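Written below as structure tokens is the structure these notes are about.
Laboratory data are not the source of any read-out in this text; all were calculated from the coordinates shown. Quick caveat, the model's predicted, so the values are computed rather than measured. Backbone-built Cβ (ideal geometry, glycine too); neighbour counts: all protein chains shown.
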Amino acid sequence: MRAGSARSACKGGIVVKLRLTETGVEVAAEDLAPLLELDPSDLRRQMRDGAVTTRYEVGQDADAGRFRVTFQSADWRVRFTCASDGTVLKRLRNRRGG
């Protein structure tokens, strides 16, 4: 993966920029918060408090060369599947619960 690479995903008018770093993936709170129906300051607070979690997975076998990042709040799950350079290949957004 290339550090400092920025790629975007746009669907439904919301643009999200993923930036790869040596330690993982960075996403601006202002970009991600609308997908979780949160204010950016609330997103930051909930991430600090553990109410919004992140999962980073590296593809293996048939998925080698890809990675997946999932952000999960009490109400929403947003998952980005990306090429190794950070290009967003797919975005899923699901409401949690009933």
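Please sort by residue number the GluC sites (Glu not before Pro) in segment 15-98 whose DSSP state is loop and whose Cβ has at most 13 other Cβ atoms within 10 Å. Filter output for segment 15-98: GLU22, GLU37.
Model label sites at ALA64 and ASP31, defined 7 Å from Cα along the beta-carbon direction, differ in position by 2.8 nm. Three semi-axes describe the equivalent ellipsoid of segment 6-95; taken as square roots of 5 times the Cα gyration tensor eigenvalues and ordered largest first, they are 21, 14, 12 Å. In this structure the amide hydrogen of VAL52, modeled in the peptide plane, comes within under 5 Å of the amide hydrogens of MET47, none closer than 5 places in sequence on its chain. Close amide H contacts of ARG66 (hydrogens built in the peptide plane, cut-off under 5 Å, sequence separation of 5 or more or a different chain): GLY59. A simple rule links phi to the HN-Hα coupling: the Karplus curve 6.51 cos²θ - 1.76 cosθ + 1.60 with θ = phi - 60°, which for segment 30-41 gives 5, 7, 7, 3, x, 5, 9, 6, 10, 7, x, 5 Hz, with x for Gly and Pro.
Computed about the Cα centre, the dipole magnitude for segment 6-95 is approximately 240 debye when only Lys and Arg (+1) and Asp and Glu (-1) carry charge, each at its Cβ.
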